[in-house]
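Read the figures in this text as sums done on the coordinates, not as results from a lab. Just so it is clear, the structure is predicted and the values come from calculations on it, not from any experiment. Here the Cβ positions follow ideal geometry from the backbone for every residue, glycine too, while neighbour counts run over all protein chains shown.
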Amino acid sequence: MTTFIWDLDGTLLDSYDAILAGIEAAYTHYQIPFDRDAIRTYIMKESVHALFERVAAERGIDYTAFNAARAEHLTIHNHLVKLLPEARAILQWAKGQGIEQFVYTHKGHNAHRLLADLELDHFFTEVITGDDGFKRKPDPEAIDYLVDKYRFDKADAYYIGDRQLDAECARNAGINSLNLHVESNSYNQHISSLLAIAQHVKKGEL
């Protein structure tokens, strides 16, 4: 049986405006200049976690407090989060094909609220967030947990994301990678859109 594990930000959700609003609030609190375009480029390539670790070290501020200043603004910006085009359609297609679906995201517990607000939560058997204590991507710990718990076949499992970090996580876990921005290579298949997934994956087939 085919299994999909989804990233959220930049994959199913257009959430970067909300993410940047939270980052800007933290930067403002600590009187740090905010370069929106440069920060957006950095977090799309790396992660918010990597950005905050770097800035905290450079400026000699406490990372936990710095990140908390960002986190407290997340839910008030939920209204800025939108579904990416084709997201609902591909989730519905996968459900119709009998594909079991999960989420693995670095986003915190707010992910559950967002998925409920967007009426997507019913598509997923389990949602793993960055607050659940697993090692961060590209470490495969969270995916290994899902494999062990639900006993699905790695050969028929796909991690679908939008960053190099996602593709590397899939490779490290020994499952297939479908990625919106990483080019096709020995361990990843580039997809031009979410609906293109249906062209690459068919129930029971690789």
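Taking the DSSP beta bridges with both ends in the chain, the antiparallel portion is around 20 percent. Charged side chains reduced to their Cβ positions (Lys and Arg at +1, Asp and Glu at -1) give the chain a dipole of some 180 debye around its Cα centre.
Which of the GluC sites (Glu not before Pro) found in segment 131-198 are loop residues per DSSP with 14 or fewer other Cβ atoms within 10 Å of their Cβ?
On the way: sites: GLU141, GLU168, GLU183; in loops: GLU183.
Here the sparse-neighbourhood loop sites are GLU183.
Computed from Cα atoms, the angle from the helix 87-96 axis to the main principal axis of the chain rounds to 30 degrees. Note on LEU51, LEU8: ascending count of other Cβ atoms within 10 Å places them as LEU51, LEU8, the fewest first.
Against the chain, whose longest principal axis comes from its Cα atoms, helix 36-45 is set at around 40 degrees. Once the convex hull of all Cα atoms in the chain is built, its volume per residue stands at 114 Å³.
Each label was represented as a point 7 Å from its Cα along the Cα-to-Cβ direction; for HIS200 and ARG40 these points are 2.5 nm apart.
Pull out a ≥ b ≥ c, the square roots of the eigenvalues of the alpha-carbon gyration tensor of segment 16-79, then state rounded if a/c is under 1.5, prolate if not and a/b is larger than b/c, and oblate in the remaining case. The partial results should precede the final answer.
Numbers: a/c = 1.59, a/b = 1.16, b/c = 1.37.
It is oblate, given that a/c is not under 1.5 and a/b is not larger than b/c.
Can you give the relative contact order of the chain as a percent, counting alpha carbon pairs under 8 Å and 6+ residues apart? That works out to 26 percent. For segment 16-79, relative contact order (Cα pairs under 8 Å, six or more residues apart, normalised by length) works out to 50 percent.
Footprinting exposure proxy ranking of TYR16, TYR150, fewest other C-beta atoms within 10 angstrom first, gives TYR150, TYR16. As a proxy for reagent exposure, ASP162, ASP132, ASP144, ASP9 were ordered by neighbouring Cβ count within 10 angstrom, fewest first; the result is ASP132, ASP144, ASP162, ASP9. Relative to the longest principal axis of the Cα atoms of the chain, the long axis of helix 48-59 makes an angle of roughly 20 degrees.
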